[in-house]
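Let me begin by presenting the structure, written as C-alpha cells, before commenting on it.
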Amino acid sequence: MSSKIQIDLNSDVGESFGAYKLGLDEEVIPHLTSANIACGFHAGDPAVMRKTVSLAKQYGVEVGAHPGFPDLIGFGRRNMDATLEEIQDYVIYQTGALQAFAVSQGLKLQHMKAHGALYNMAVANSKIWEAMAEAVSRVDKDIILVALASSNNESLLDMGKHYGIRIAFEAFPDRAYRKDGSLVPRREKGAVIDDHELVAQRALKMAIEGKVIAIDGTEIDLWADTLCVHGDNPAAVQMVKKIREELKTSGVNVISMKWFV
C-alpha cells in the first residue's frame, strides 16, 4: 500500500465541566492526530480547556475549537432557532477562547469543527457552513474548517476558496450512514457501530477507497481527510487503538490534517 495515502484521526475531547467528568481524554488523546476541544457552550470550562490543550501538547496532537450551541443541559445536541449572525457570534466567541488557551501554551489553533446540532444543521443547510466559514476567516484564515464528507465536496471547497480558508472533510467509521451520505440519527437503531473489527475495516475503506457501505447496503463515495473516532468509554478507547493500528499496518500515513489539506 502506498504511503502517499494519508489520513487524520480526530476526536471530541475536553467535555468535562466543573465537578462532572466526561470522556477518557488521558487515554484517547495519545492515539489522535487532532483534538476537537469543547469551548464551554455545550461542554467544557476554562480549566478543562487549559488542561486539555496541555494534554494535547504533551502528545504532539494538534488542537482545534469545537464550538456548539449554548445548550449545556442538552449537550449541544438540540437544534436552536438561531440566526446566521448569532451562529457566527457563537463560533467566533468560542473559537477565540480556545485560540487564547492554545496561544498561551505556545500552540497555534489548527482547525474548527462544529459540535452536535450545529454541525448537523449545517449539513442540512449550506448557509450555516458559509456563516461558519466566514466566521473562521475573520478569526484566522489559517484555521481549517472541518465539514462532513460527501460524494460531492466541490461546493464546500469553492466556499473555502471564496473565504480564503481550507476545508477538511470528515467521515465517521463508527457511525451508520444513509445512502444519501448523511449520518443515521443516534436515536435510530444501528446508528452507532460497536464492533471493533467492523469499525476498523470501515475506517480502512474510507481512507483507501473513499467509500462506505450505507445502512441499506449501498456503497457510496465518501472522500475524507480526517476520521472522527469516539473515546468516551473504555471500549471506545480500544477501538481508537484498533483503527490506528489497522491504518498503519495497511500503509496509511496517520498525520495531522494541517500537513496535507
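The values are calculated or read from the model by the stated rules, or taken from the named source; none is laboratory data. These numbers come from a predicted model, not from an experiment. When we count neighbours, we look across all protein chains shown, and the Cβ atoms used for this are built from the backbone with ideal geometry, even at glycine.
Within region 1-43, work out how many residues are part of a helix (DSSP H, G or I), out of contact with any helix residue (DSSP H, G or I) (no Cβ under 8 Å at 6 or more places or on another chain) and crowded, with 21+ Cβ neighbours inside 10 Å.
Keep residues of region 1-43 that are part of a helix (DSSP H, G or I), which gives 25-31.
Those left that are additionally out of contact with any helix residue (DSSP H, G or I) (no Cβ under 8 Å at 6 or more places or on another chain): 30.
Now restrict to residues that are crowded, with 21+ Cβ neighbours inside 10 Å: none.
Number satisfying all stated conditions: 0.
From the list Ala102, Ala114, exactly one residue is surrounded by 14 or more Cβ atoms within 10 Å (Cβ to Cβ), in a loop (DSSP other than H, G, I, E, B), touching a helix residue (DSSP H, G or I) at 6+ places or on another chain (Cβ under 7 Å) and modelled with pLDDT of 95 or more. Which is it? Give the steps one after another, and end with the answer.
Details: Ala102 fails: in a loop (DSSP other than H, G, I, E, B).
Only one candidate passes the filter, namely Ala114.
How about region 212-243: which of its residues are charged (D, E, K, R) and touching a residue at least 12 places away in the same chain (Cβ under 8 Å)?
Asp216, Asp221, Asp225, Asp232, Lys241, Lys242
For Gly74, work out the one condition from (1) crowded, with 18+ Cβ neighbours inside 10 Å; (2) at negative phi; (3) not acidic (Asp, Glu) it doesn't fulfil.
Only one criterion is unmet by Gly74, namely (1).
Scan region 44-60 residue by residue and report those that are touching a residue at least 40 places away in the same chain (Cβ under 8 Å) and either touching a Cys at 6+ places or on another chain (Cβ under 8 Å) or outside any helix (DSSP H, G or I) (or both).
Met49
Please state which one of Ala47, Ala35, Ala65 is touching a strand residue (DSSP E or B) at 6+ places or on another chain (Cβ under 6 Å), more than 26 Å from Glu209 (Cα to Cα) and not polar (S, T, N, Q). I'd like the intermediate steps shown before the answer.
Details: Ala47 fails: touching a strand residue (DSSP E or B) at 6+ places or on another chain (Cβ under 6 Å); Ala35 fails: more than 26 Å from Glu209 (Cα to Cα).
Criteria check complete, one pass: Ala65.
Under 6 Å between Cβ atoms, which residue pairs at least 6 apart in sequence (or on different chains) link something in region 183-211 that is without any contact (Cβ under 8 Å) to a residue 60 or more places away in the chain with a partner that is in a strand (DSSP E or B) and surrounded by fewer than 13 Cβ atoms within 10 Å (Cβ to Cβ)?
Every condition considered, the pairs that remain are Lys211/Glu219.
So which residues in region 118-132 are under 13 Å from the mean Cα position of the chain (by Cα) and either at pLDDT below 95 or over 15 Å from Gly64 (Cβ atoms) (or both), if there are any at all? Can you show your working first?
In the first step, residues of region 118-132 are kept if they are under 13 Å from the mean Cα position of the chain (by Cα); the result is 118-120.
Matches in region 118-132: Asn120 only.
Checking Ala147 against (1) touching a residue at least 12 places away in the same chain (Cβ under 8 Å); (2) surrounded by fewer than 21 Cβ atoms within 10 Å (Cβ to Cβ), which test does it fail?
That leaves (2) as the condition not met.
For (1) farther than 20 Å from Ala147 by Cα; (2) surrounded by 16 or more Cβ atoms within 10 Å (Cβ to Cβ); (3) more than 19 Å from the chain's Cα centre (by Cα), each residue gets a yes or a no:
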{"site": "Ala207", "(1), (2), (3)": "no, yes, no"}
{"site": "Ala214", "(1), (2), (3)": "no, yes, yes"}
{"site": "Gly217", "(1), (2), (3)": "yes, no, yes"}
{"site": "Ile220", "(1), (2), (3)": "no, yes, yes"}
{"site": "Asp225", "(1), (2), (3)": "no, yes, no"}
{"site": "Met239", "(1), (2), (3)": "yes, yes, no"}
{"site": "Arg244", "(1), (2), (3)": "yes, yes, no"}
{"site": "Val254", "(1), (2), (3)": "no, yes, no"}
